[in-house]
Amino acid sequence: RAETGVLGVTKAQGGYNLTLSTGEEVRTSKVVNASGNFADQTEGLRAPGETPEFEIRPRKGQYAVFEVPGGLIERPIQPVPSERTKGVYVFSSLYGHLVCGPTAEDVKERSNPSTDPKAIQELVSYASSLVPQLSSENLIGTYAGLRTATQH
């Protein structure tokens, strides 16, 4: 159920009993942990007192959006991926803007992505080094997202 938290999980014959944040008790034969940046906490409900087999380490990705003349780049500019990240891309949006990102920052915050002026300035400098015309273009927006990463 969307926007409903699981507060408890108990093993039952042929399945599980779930205690939901709405106060409901639900019985199910299977449980899929799709709780994203909270998956390790949800896993901890399955076996209280035991350490979950994985730890979520949220990773923030920030983006800078430029207003540019059409056709400034013909295709996305992709770096060579590293072991840790696929790198920072420069690409055209569906709306004709040029976007640079994402960053890949390990953070503790699990649910409130925000942009950081220093990181955005680094993106602007990076994009301008790849596409020199961007140094004179307007930065019209920034955004950030959090994705799930683990220690593996």
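The values are calculated or read from the model by the stated rules, or taken from the named source; none is laboratory data. Computed from a predicted structure; not experimentally measured. We place every Cβ from the backbone using ideal geometry, glycine too, and count neighbours over all the protein chains shown. SASA here: full protein model, heavy atoms, side chains in, ligands and nucleic acids out. Shrake-Rupley method; radii C 1.70, N 1.55, O 1.52, S 1.80 Å.
Normalised by the number of residues in the range 15-120, the average gap of Cα pairs under 8 Å and 6 or more apart makes the relative contact order 23 percent.
In the context of the full protein assembly, L130 retains an accessible surface of approximately 70 Å², using a probe radius of 1.4 Å and ignoring ligands and nucleic acids. Report note on the peptides 18-26, 78-86, 32-40: ranked by the mean count of other C-beta atoms within 10 Å, highest first, their order is 32-40, 18-26, 78-86.
Site pair T28 and S111 shows an inter-label distance of 1.9 nm when each label is modelled 7 Å from Cα along Cα→Cβ. Among T28, T42, T103, the residue with the largest mean-square fluctuation in a Gaussian network model of the chain, with springs joining Cα atoms closer than 10 Å, is T28. Show which lysines lie in cross-link reach of K118 when reach means a straight Cα distance below 25 angstrom and same-chain residues fewer than eight apart are skipped. Filter leaves K60, K86, K108. Close amide H partners of G141, meaning residues 5 or more places away or on another chain with modelled amide H under 5 Å apart, are V65. Across the range 89-106, rounded Karplus estimates of 3J(HN,Hα) from the backbone phi angles (6.51 cos²θ - 1.76 cosθ + 1.60, θ = phi - 60°) give 9, 10, 8, 8, 7, 5, 9, x, 8, 9, 10, 10, x, x, 6, 9, 10, 6 Hz, Gly and Pro being marked x. Taking every DSSP helix (H) stretch of at least 4 residues in the chain, weighting each as -39,500 (n - 2.57) and dividing the sum by the residue count yields a mean residue ellipticity at 222 nm of -4500 deg cm²/dmol. Near T103, the amide H atoms lying under 5 Å from its own belong to Q62; only residues 5 or more places off or on other chains count, and H is placed 1.01 Å from N. Taking all protein chains into account, the per residue accessible area for the range 2-61 stands at 66 Å² (1.4 Å probe).
Taking amide hydrogens as placed 1.01 Å from N in the peptide plane, the amide H of G8 sits under 5 Å from those of T19, each at least 5 positions away in sequence or on another chain.
Between Q151 and Q133, the simple label model (points 7 Å from Cα in the Cβ direction) yields a spacing of 4.8 nm. Between the range 105-152 and the range 47-81, the alpha-carbon centres lie 9 Å apart. Phi-derived couplings, Karplus 6.51 cos²θ - 1.76 cosθ + 1.60 at θ = phi - 60°, listed residue by residue for the range 124-132: 4, 5, 4, 4, 5, 6, 8, 10, x Hz, with x used for Gly and Pro.
Percent of accessible area on the range 64-136 owned by carbon and sulfur, 1.4 Å probe? Roughly 53 percent of what the probe reaches on the range 64-136 is carbon or sulfur.
Give the relative contact order (percent, whole number) for the range 1-53; include only Cα pairs under 8 Å separated by 6+ residues.
On the way: 63 pairs, mean separation 13.7, N = 53.
Rounded, it is 26 percent for the range 1-53.
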